[in-house]
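Here is the structure we will look at.
The values are calculated or read from the model by the stated rules, or taken from the named source; none is laboratory data. Just so it is clear, the structure is predicted and the values come from calculations on it, not from any experiment. Neighbour counts run over all protein chains shown; Cβ positions are idealised from the backbone, glycine included. What goes into the accessible areas is simple: the full protein's heavy atoms, side chains included, and nothing from ligands, DNA or RNA. Shrake-Rupley method; radii C 1.70, N 1.55, O 1.52, S 1.80 Å.
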Amino acid sequence: QVQLAESGGGLVQPGGSLRLSCAASGRIFSIYVMGWYRQAPGKERELVATLTSGGTTKYADSVEGRFTISRDNARNKVYLQMSSLKPEDTAVYYCNAESVVTDSGWLGAVWGQGTQVTVSS
């Protein structure tokens with residue numbers, strides 16, 4: 001069984017920074033895409049950033065230039081460095097892993113439990 005554990009959320013003032021971390025555990029051989037999604041109250045879950053094992057990144061327009069995604073393939077970890085945070089970045093941030101190959105087979109997608117990020121003065 002594969003699990004994702006996020007950490008690093010919290011309360012930050014507008015203009016501040018936070019770094020989210022996510023670690024995948026289990027008998028994992030490889031993960032093709034790792035990324036972050038977020039869901040604000042009353043809104044649908046949306047993509048924030050993704051990063052393939054080959055290094056291809058994708059960012060939401062709203063975070064481009066402010067957020068940076070990175071990953072440690074060997075340790076099955078992904079990070080999201082968030083800077084110049086705005087109140088509209090307030091949401092629950094979810095870690096996501098896609099195309100996960102384990103000793104039991106292939107998993108399409110795995111989600112973490114989420115971590116709250118609140119941007120407020």
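Expressed as a whole percentage, what fraction of the accessible surface of the chain belongs to carbon and sulfur atoms when a 1.4 Å probe is rolled over the protein heavy atoms?
Carbon-and-sulfur percentage of accessible area, whole number: 45.
Tell me which trypsin sites (Lys or Arg not before Pro) from region 32-121 have a DSSP coil assignment and no more than 14 other beta carbons within 10 Å of their own.
Hits after loop and neighbour filter: Lys43, Arg75.
Name the residues whose placed amide hydrogens come within less than 5 Å of the amide hydrogen of Gly114, ignoring near sequence neighbours (fewer than 5 apart) on the same chain.
Excluding prolines and chain starts, which carry no amide H, the hits are Glu6, Cys95.
Between the DSSP loop rule and a limit of at most 11 other Cβ atoms within 10 Å, which GluC sites (Glu not before Pro) in region 12-121 are left?
Of the GluC sites (Glu not before Pro), the ones in loops of region 12-121 whose Cβ has at most 11 other Cβ atoms within 10 Å are Glu44, Glu64.
If you place +1 on the Cβ of every Lys and Arg and -1 on the Cβ of every Asp and Glu, how big does the dipole about the Cα centre of the chain come out, in debye to the nearest 20?
Dipole of the chain, to the nearest 20 debye: 200 debye.
Quick one: which residues, 5+ away or cross-chain, put their amide H under 5 Å from the amide H of Gly16? H built at 1.01 Å from N.
Result for Gly16 returns Leu85.
Under a 1.4 Å probe, what is the accessible area of region 26-111 per residue, stated in Å²?
Spelled out: the 1.4 Å probe surface of region 26-111, per residue, equals 53 Å².
Sort Val92, Val48 by accessible area with a 1.4 Å probe, largest first.
Val92, Val48
Please work out the FRET efficiency for the pair Ser120 and Leu47, using the Cβ-Cβ distance as r and a Förster radius of 25 Å; give the result to the nearest 0.05.
Efficiency, from the Cβ-Cβ distance: 0.60.
How large is ³J(HN,Hα) for each residue in region 84-98, as worked out from phi by the Karplus curve 6.51 cos²θ - 1.76 cosθ + 1.60 (θ = phi - 60°), to whole Hz, x for Gly and Pro?
Result, rounded to whole Hz: 6, 5, 10, x, 6, 7, 4, 4, 8, 9, 10, 7, 9, 10, 10.
I need the fraction of alpha carbon pairs in the chain separated by more than 18 Å, rounded to a whole percent.
Percent of Cα pairs beyond 18 Å in the chain: 47.
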